[in-house]
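The values are calculated or read from the model by the stated rules, or taken from the named source; none is laboratory data. Just so we're clear, the structure is a prediction, and the values are computed from it rather than from any experiment. All Cβ positions, even for glycine, are placed from backbone atoms using ideal geometry, and neighbour counts span all protein chains on display.
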Amino acid sequence: MWQRLPNLISMLRIALVIPVVVCLSNHRYTDALILFFVAGMSDGLDGFLARRFHWQSRLGAMLDPIGDKLLMVGTYLMLGWSALLPWWLVGTVIARDIIIVSGAGVYYLLTKNLEMAPSLISKMNTVVQILLVVLVLYTVSSLPGAAHFPSFALQLLMYTVLLTTIWSGLNYVNEWGRRAMELHQGKRT
C-alpha cells in the first residue's frame, strides 16, 4: 500500500492545478501562492519517497511530469493573463514544454520506449521557473513585506527563466535528435 503513496501525491498535485488557476483568475494571490507552494513541495516529496524507498512505478513516471507540466503551464498562462508576467516569457515557457512533450511523444511512437532523465539545465530551469512564480505571487499577495520586493530582482529572474528555458529546450532538442539519429543508424546496419 505504501508503494502507491508517491502516485497519490502526484495525483494531489494534479488536482491542485484547478484551485491554483481559479485563485489566480479571481486575483486571490495569497491563496494561489499557498496552494502553489503545497503543490511544489509535493513534487519534491513524491520524488524523494519514490527514490528513497524504491517505490518508482511506470504510472508515477508519467504522473509526475504531467503534474509538473499542468501546474506550470496553468500558472504561467494565468500570470500572463493577469499581466503579472510578460507574454514573451509565458510563450517561451509554454513553447518549450510543447516541444519537449511533442519530441518525447514522437520518440515513444518510434521506439515504444521512453526513459526521461532531466538534464542539469532542465532541473535549473524548473527551479527558476518555480522561484519566479513564488516571487511574483508574493509581490502581489497580501503578505507582510510583499510591496517592498525590488522589481529589478524580478526582472533579473525573468531573464534567467528566459535563458534557462531556451537553453533547456535546445538541450532536449539536441538529446532527442541524437537519440533519433542513433535509432536511425541502428536500423541501417
Residue list for segment 109-166, restricted to those being free of Cβ contacts under 8 Å to residues at least 60 places away in the same chain and β-branched (Val, Ile, Thr): 121, 126, 127, 128, 136, 139, 160, 164
Cross-chain or 6+ apart pairs with Cβ under 7 Å, segment 14-37 first and in contact (Cβ under 8 Å) with a residue 60 or more places away in the chain and on the phi < 0 side of the Ramachandran plot, then of a type outside the set (Val, Ile, Thr) and in a helix (DSSP H, G or I): 29/137; 32/23; 32/24; 32/137; 33/137; 33/138; 36/137
Any hit, segment 140-148, residues being buried (at least 16 other Cβ atoms within 10 Å of the Cβ), touching a Ser or Thr at 6+ places or on another chain (Cβ under 8 Å) and under 21 Å from residue 35 (Cα atoms): yes
Filtered residue count, segment 151-189, keeping only those that are under 25 Å from residue 94 (Cβ atoms) and surrounded by 13 or more Cβ atoms within 10 Å (Cβ to Cβ): 21
Complete set of residues in segment 68-96 that are over 17 Å from residue 131 (Cα atoms) and crowded, with 17+ Cβ neighbours inside 10 Å: 96
Yes/no for residue 55 being loosely packed, with under 14 Cβ neighbours inside 10 Å and touching a residue at least 12 places away in the same chain (Cβ under 8 Å): no
Checking residue 83 against (1) at pLDDT below 95; (2) among the small types (Gly, Ala, Ser); (3) within 20 Å of residue 154 (Cα to Cα), the condition it does not meet: (1)
Residues that are of a type outside the set (A, V, I, L, M) and not in a helix (DSSP H, G or I), drawn from segment 121-150: 141, 142, 144, 145, 149, 150
Flag for residue 46 being surrounded by 16 or more Cβ atoms within 10 Å (Cβ to Cβ), under 24 Å from residue 79 (Cα atoms) and acidic (Asp, Glu): no
Criterion violated by residue 70 - all others in (1) over 20 Å from residue 90 (Cβ atoms); (2) modelled with pLDDT of 90 or more satisfied: (1)
